[in-house]
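Here the structure comes first, spelled out in structure tokens, and everything after it is commentary.
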Amino acid sequence: MHGGDRIARVLRRYGVGELFTLCGGHISPILVGAKALGLRVVDVRHEVDAVFAADAVARLSGRPGVAAVTAGPGVTNTITAVKNAQMAQSPVLILGGATGTILKGRGSLQDIDQLALIEPHVKWAAAASRVKELAPAVEEALDRSLAGVPGPVFVECPVDLLYGESTVRELYGSMAGKPGRGLAGRAVSWYLKRHVDGLFRGLGPAGDEPAESTPHRVPPSEPRPWEIARAAKRLEKARRPVLLIGSQTLLEAAAVPELVAAVERLGVPTYLSGMARGLLGAEHDLWFRHQRGRALREADLVILAGVPNDFRLGYGRQVRRSAVMISANRSEVDLTLNRRPTLGVLADPSRFLRALAARVAGAADRSAWLETLRGRQQEREAQISEQAEAATDFVNPLELCREIDSVLPDDSVLVADGGDFVATASYILRPRRPLSWLDPGVFGTLGVGGGFALGARLSRPDAEVWILYGDGSAAYSLAEFDTYVRHRMPVIAVVGNDASWAQIARDQVEILGDDVGTVLRRTDYHRVAEGYGGKGFLLERPGEIRETLERAQRAAAEGHPVLINALIGKTDFRKGSISM
């Protein structure tokens, strides 16, 4: 048994079913050990996508996703995805290869201070220094990734702890040179033997691990009874309440059906963001997606469930000062960010809503408030319909999004990766069920699409997985079409191709009078997908939208990853929406 086997045993015991990676000599034993124990090893074309894929698995399953990357540039290539997971509060374990313990700081290949680099972006990081430390370090990392506010964790695994003892002794023996050649040579041999003895000390006579520990799961914090009582009293009196549900509320994936029942029992007009999109399905009477800012300004009570007062809520200014604000959040920082709530509950927001729904006895008459919001919703939908029918060059992006929405099956997952086109789609597409929408989160990272779709496809093997790409963001991860082909992952990607970084260009040109750095080409992205072995379709005319989408669905059903290169026109649908 080698160190990679020991790590794989821990992963399997914690219910990990897949390992994302890009191979490297420093981590080969982890990959081989994982495969031998039945974990699916999925190798990607860029390390950042290994972490993005692990992040998607974590979000959809509620358990940690795992990525293994090689030393040096393998680790540095993950930083953006690691930071994105930290800010999205996703439990992800990164296993980082490293040079041999005795070679650190001596100019070894790909040797850098990896802990100093990654520690600011993770909840916890550790480096094993002996073989017997590998399994406990991975166990602790997995436990910590889920505790409290979830997030990414990192374990550095030096190469001489991963390979078998005989291989390591042979390696260090070759470093010592021929034995018996002078005092210096004997000293080096003695020192290296002593070091190797230390690496493997503490293992059983057959090199076995000590007795395995059981996973230590700390349940999320519960709201206190007096907090529920106070919140219920406030809510029962409110005539114009609004409920905002964010991604954090869905961290306990297994409890989502109970959460849905709680929201229905509360009967409060509900706005959903991030991973919470789709929580109530596509047609629920309590789900509102338009005119949120206006509703917040008029509400007399606002419940923020896993939603901080960051830029998305105008740093707390969107909710009027006279309104009662009740906030439930696992993070003490997010709970009071920019504005202190009337009632702050430091607890899991899903558990808060479920407890609140069980406590609320009645409610003031809210029929007029609900009708007002429904009227505004219908008015906005009519405006969008009118704008979708307007003629543009090539295909109107709003019409394209409406057609995509019309062909989505109930079992579908949407991955959002882009700026203007994808933000437009978020106003129009309706995720069909809970945990069926993946976007980067508050970090606003471009490039998540390739990895997210890979993780989604593994987590939901029977679902139809769609990537919504802007033409700017698409180039970050199109190489993963090679991964989809090799691992038989049929996804459907739609590139909204307007030859521009449109979200930036729109305001940059108007404010500064220059489009520098924002101009792209109407590149043949469909041919890129074909070059990697997938299917590609070019969509140029409005009359071809439905036929092209259905051809893509048929090709995916036959097992092919598909990319639709949709040439879209420019609109002012999102004018003035740039965030800074």
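The values are calculated or read from the model by the stated rules, or taken from the named source; none is laboratory data. Here the structure is a predicted model, which is why all the values come from computation and not from measurement. No Cβ is skipped: glycine too gets one built from the backbone with ideal geometry, and neighbour counts run over all protein chains shown.
Structure data summary
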| item | result |
| --- | --- |
| Among (1) modelled with pLDDT of 95 or more; (2) farther than 18 Å from D471 by Cα; (3) touching an Asp or Glu at 6+ places or on another chain (Cβ under 6 Å), the one test that V495 misses | (2) |
| Test: residue in segment 483-495 that is in a strand (DSSP E or B) and within 18 Å of the chain's Cα centre (by Cα) | yes |
| Neighbours by Cβ (under 7 Å, 6+ apart or cross-chain): first from segment 437-458, among the basic types (K, R); second part of a loop (DSSP other than H, G, I, E, B) and buried (at least 24 other Cβ atoms within 10 Å of the Cβ) | R457/V491 |
| In segment 508-539, the residues that are farther than 14 Å from H560 by Cα, surrounded by 15 or more Cβ atoms within 10 Å (Cβ to Cβ) and out of contact with any Gly (no Cβ under 7 Å at 6 or more places or on another chain) | Q508, T518, R522, T523, Y525, V528, L538, L539 |
| Subset tally (residues that are among the acidic types (D, E) and part of a strand (DSSP E or B)) for segment 447-473 | 1 |
| Sole exception among (1) in contact with a strand residue (DSSP E or B) (Cβ under 7 Å, 6 or more places away or on another chain); (2) over 27 Å from S412 (Cα atoms) for V491, by number | (2) |
| Segment 4-23, subset farther than 23 Å from T76 by Cα and of a type outside the set (A, V, I, L, M, F, W, C), residue surrounded by the most Cβ atoms within 10 Å (Cβ to Cβ) | R6 |
| Any hit, segment 170-182, residues being modelled with pLDDT of 80 or more, under 30 Å from L31 (Cβ atoms) and in the same structural domain as H26 (by TED's automatic domain parsing) | yes |
| Matching entry among A361, A347, A368, A390 (being aliphatic (A, V, I, L, M), at negative phi and within 33 Å of the chain's Cα centre (by Cα)) | A347 |
| Qualifying residues in segment 197-211 (those that are surrounded by fewer than 12 Cβ atoms within 10 Å (Cβ to Cβ) and closer than 27 Å to L11 by Cβ) - the one modelled with the highest pLDDT | R201 |
| Within segment 257-294, tally of residues that are touching a Leu at 6+ places or on another chain (Cβ under 6 Å), in a helix (DSSP H, G or I) and surrounded by fewer than 22 Cβ atoms within 10 Å (Cβ to Cβ) | 1 |
